[in-house]
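**Q** Got a structure here, written out as structure tokens. Questions coming.
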Amino acid sequence: MKKELLLLITAAALVAAACAAPPTNRSDTNKNGSAESTTAAAPMTEADAMAKEKAVWAAFEKQDYKGFADMLDAQAVLVQGDGVYDKAGILKGIEGFVPKDVVFSDWKFISLDKDAAVISYKQSFAGTANGQAMPPSTIYGTSAWVNRNGKWLAIYHQETEVPKTPAPVPPPPKPGKAAPSPTAAATPGTTSSDVTANEKLVWEALKTKNYDAFASYLAPEALEIETMGVMDKAGSVKGVQGFDASKVELSEWKTLKFDDDAALVTYMVMVPGPKPEHERHTTIWANRNGKWLAVLHQGTPVTPAAPSPSPSK
């Protein structure tokens, strides 16, 4: 069985939050994913989120697929290297998956608002799919949880595989023209609940090498998750310097509203040169004291879709 299928199957399990109707470009949600929760719920804590992630895996170990489905918001989405999946696609893909040797580590939790939270972690696991052994893998996983009428449900999941061989450290950038001074640099744009427009402002700052503007779009607690690891805000700002974004192409935009103060945007990034050239990126934005800021960003290299294996006899 190809590894791409392995990632699809396990992603759904990892998240408990990854599958539902595909994201839309609307700012509203339907009744099942209403942004206005009619019943209050205690704010989610890191311990709550950890317990829910582990509960997903417990359901899979018991092959309790209905229990898994009941943990998902109607609007949830799974972002993988081989595609963006809705609830029906995920539930179809995870049948027959039985994990084992699951180990979580490096938990990182961020409260988005009283009705939404996000948790990221590193995880290693093995298992079987339709009776076929799955090779051990290690991933960075991220899930978002939302309060829907008093019940916490998973609304988003994404995972990025940790390379077995660490990527070589890129050489320092060649000396060039001095970066524009803060007074000469363009004034950062104004962010809003339009998270697609916000994300385009981020990429405009990268293309113009306006790193002060880039930093201004990130929340103080912001996290970035890539194949090379997890970075805080300072690491992200340092990491983008020297990156040539001038020829980057962005496409396949989709948004998903969590509630009135939090939403995500996911899209395809094409960077000419490095392999693979395409990555799926997702950013979660949240309203922080009247200003929308990027709280979490994750990139996942695109992988080809794999055919479903034949069930073992």
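**Q** Pairs under 8 Å by beta carbon, first residue closer than 21 Å to residue 145 by Cβ and polar (S, T, N, Q) in segment 274-302, partner at pLDDT 95 or above and in a loop (DSSP other than H, G, I, E, B), six or more apart or different chains?
**A** 287/193; 287/260; 287/261
**Q** Just give me the residues in segment 112-136 being polar (S, T, N, Q) and part of a strand (DSSP E or B), in sequence order. Before the answer, list the steps.
**A** The initial filter retains those residues of segment 112-136 that are polar (S, T, N, Q), namely 120, 123-124, 128, 130, 132.
Within segment 112-136, 120, 123, 124, 128, 132 qualify.
**Q** For segment 34-41, state whether one or more residues are over 19 Å from the mean Cα position of the chain (by Cα), surrounded by fewer than 17 Cβ atoms within 10 Å (Cβ to Cβ) and modelled with pLDDT of 90 or more.
**A** no
**Q** Okay, moving on. Output the residues belonging to segment 39-64 that are assigned to a helix (DSSP H, G or I) and of a type in the set (A, V, I, L, M).
**A** Once the filter is applied, which keeps residues that are assigned to a helix (DSSP H, G or I) and of a type in the set (A, V, I, L, M), segment 39-64 yields 47, 49, 50, 51, 55, 56, 58, 59.
**Q** Quick check: anything in segment 72-79 assigned by TED's automatic domain parsing to the domain that holds residue 150, modelled with pLDDT under 90, on the phi < 0 side of the Ramachandran plot and in contact with a strand residue (DSSP E or B) (Cβ under 7 Å, 6 or more places away or on another chain)?
**A** yes
**Q** Restricting segment 65-96 to residues that are aromatic (Phe, Trp, Tyr) and over 13 Å from residue 154 (Cα atoms), which is surrounded by the most Cβ atoms within 10 Å (Cβ to Cβ)?
**A** So in segment 65-96, the residues aromatic (Phe, Trp, Tyr) come out as 65, 68, 85.
From what's left, over 13 Å from residue 154 (Cα atoms): 65, 85.
Details: 65: 16, 85: 24.
Among residues in segment 65-96 that are aromatic (Phe, Trp, Tyr) and over 13 Å from residue 154 (Cα atoms), the one surrounded by the most Cβ atoms within 10 Å (Cβ to Cβ) is 85.
Here is a yes/no grid of residues against (1) crowded, with 18+ Cβ neighbours inside 10 Å; (2) farther than 26 Å from residue 304 by Cα:
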| site | (1), (2) |
| --- | --- |
| 52 | yes, yes |
| 55 | no, yes |
| 63 | no, yes |
| 98 | no, no |
| 102 | yes, no |
| 117 | yes, yes |
| 122 | yes, no |
| 125 | yes, no |
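**Q** Now, a different point. So which of 68, 109, 104 is in a strand (DSSP E or B) and touching a helix residue (DSSP H, G or I) at 6+ places or on another chain (Cβ under 6 Å)?
**A** After ruling out the rest, the residue left standing is 109.
Yes/no matrix, rows are residues, columns are (1) touching a residue at least 12 places away in the same chain (Cβ under 8 Å); (2) within 20 Å of residue 292 (Cβ to Cβ); (3) surrounded by 15 or more Cβ atoms within 10 Å (Cβ to Cβ):
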site	(1), (2), (3)
200	yes, yes, yes
204	yes, yes, yes
215	yes, yes, yes
218	yes, yes, yes
222	yes, yes, yes
231	no, no, yes
238	no, no, no
246	yes, no, no
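The values are calculated or read from the model by the stated rules, or taken from the named source; none is laboratory data. Note that this is a predicted model, so its numbers are computed, not measured. Because the Cβ atoms are built from the backbone with ideal geometry, glycine has one as well, and the counts that use them run over all protein chains shown.
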